[in-house]
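First up is the structure itself, then whatever we jot down about it.
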Amino acid sequence: MLAAEALAGLALEAGGYYVDATFGRGGHTALILQALGREGRLLALDRDPQAIAAGRRRFADEMRLALEHASFADLATLVPAHAHGRPCRGVLFDLGVSSPQLDDPQRGFSFRADGPLDMRMDPTLGEPVSAWLARASVDEIRQVISTFGEERFARRVAQAIVVARRARALQSTAQLAAVVAGAVRSREPGKHPATRTFQALRMFINDELGQLERGLAAAVEVLAPGGRLAVITFHSLEDRTVKRFMQRESQGHSALRGPAVLPAKAQPRLKLIGRKTRAGEAELARNPRARSALLRVAQRLP
Ligand SMILES: C[S@@+](CC[C@H](N)C(=O)[O-])C[C@H]1O[C@@H](n2cnc3c(N)ncnc32)[C@H](O)[C@@H]1O
């Protein structure tokens, strides 16, 4: 999604070393590899072991690619370990969940097909949503649904969940979707009433905003001067995080601004490149999910 614009934002050099921080099904990775020459190298990460397993099969013969089951929050250690001293010329983030994750009911991301109430991108870590919902208080559930889902009726949903779990543990996506639909109506035409609740629980159980903060900070650390940072978001909370991060890093430390010569720590580390970009008409026609996608690009300063 926004693939051509994101690749243009990376300003790919044929012999450069790049990072695809969110491999997914490998769409961006394939495009980057097409643009790289024999000397170019790409490190691709995903915290989902299934994504990496599928990627190893798809790119089995691709010697320029290193695939790692890892979180992008750990970029600061992963890149030096893989780069063998090569300067990192670009890092791409394409946030959110992938189509294979959404389409597999066993992953528990979707209310459209029944499956276990899990929602972890990395099922080898942490706990499924069902385990958290079994013990969280009304107030904890309300806060998560209100913060990450921006659900106006978060308290009503949280109370309905706690009442429902007294009768029967919430183990499946269909159970949760029915509980939410019984408590609230959707304000947005065509949207299932559980859309906001599912999104909120997914963002919470995967600590998506915390991961994003750490991933962006690590990307700026590993980028070589002149290197590009390109980030595609799908959600206003994600975009706000990226926008604030890029603004902060492109302005330097405001508390320290003023003196003619800024101390090294206060110098801006990023320069914004262009304005935020949305998906074009053709892409929207192909993929309506792209309507909320936004791309922001910045360049690492020396
Ligand atoms: C929208 S998909 C990426 C699609 C990909 N660009 C493509 O072309 O196929 C997002 C992917 O990022 C992964 N992901 C999300 N958070 C992550 C994190 N903190 N670290 C590593 N991967 C993450 C998800 O597991 C998912 O596979």
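So L92 passes all but one of these: (1) over 20 Å from V129 (Cβ atoms); (2) free of Cβ contacts under 8 Å to residues at least 60 places away in the same chain. Which condition number does it fail?
Result: L92 passes all but (2).
Among the residues of the range 92-133, write down those that are open to solvent by less than 30 Å² (accessible area, probe 1.4 Å), among the aliphatic types (A, V, I, L, M) and within 12 Å of the ligand (Cβ to nearest atom).
Selection gives L92, L95, V97, M119, M121.
Looking only at the range 139-152, which residues are surrounded by 15 or more Cβ atoms within 10 Å (Cβ to Cβ) and either outside any loop (DSSP other than H, G, I, E, B) or within 18 Å of the chain's Cα centre (by Cα) (or both)?
I141, R142, Q143, V144, I145, S146, T147, F148, G149
Determine if the range 194-205 includes at least one residue that is without any contact (Cβ under 8 Å) to a residue 40 or more places away in the chain and either open to solvent by 30 Å² or more (accessible area, probe 1.4 Å) or at negative phi (or both).
no
Name the pairs whose Cβ atoms lie under 6 Å apart, with the first residue in the range 35-47 and within 19 Å of A81 (Cβ to Cβ) and touching a residue at least 12 places away in the same chain (Cβ under 8 Å), the second within 16 Å of the ligand (Cβ to nearest atom) and of a type in the set (S, T, Y), and 6 or more positions between them or separate chains?
L42/Y18; A44/T29; R47/S71
Within the range 153-176, can one find any residue that is charged (D, E, K, R), within 25 Å of H235 (Cβ to Cβ) and open to solvent by 10 Å² or more (accessible area, probe 1.4 Å)?
yes
Quick check on my filter: what residues within the range 245-294 are open to solvent by less than 80 Å² (accessible area, probe 1.4 Å), of a type in the set (D, E, K, R) and at pLDDT below 85?
E283
Quick one: count up the residues across the range 16-67 that are more than 11 Å from the ligand (Cβ to nearest atom) and open to solvent by 40 Å² or more (accessible area, probe 1.4 Å).
The total comes to 13.
Check the range 6-15 and report whether any residue there is within 8 Å of the ligand (Cβ to nearest atom) and open to solvent by less than 20 Å² (accessible area, probe 1.4 Å).
Looking through the range 6-15, none of the residues is within 8 Å of the ligand (Cβ to nearest atom) and open to solvent by less than 20 Å² (accessible area, probe 1.4 Å).
Counting only residues that are away from the ligand (no atom under 11 Å from the Cβ) and not in a strand (DSSP E or B), which one in the range 217-234 is most open to solvent (accessible area, probe 1.4 Å)?
Taking the candidates together, the pick is E221.
The values are calculated or read from the model by the stated rules, or taken from the named source; none is laboratory data. Because the structure is a prediction, the values reported are computed rather than measured. Here Cβ is always computed from backbone atoms with ideal geometry, including for glycine, and neighbour counts include all displayed protein chains. Calculation scope for accessible area: heavy atoms of the full protein, side chains included, ligands and nucleic acids excluded. Shrake-Rupley method; radii C 1.70, N 1.55, O 1.52, S 1.80 Å.
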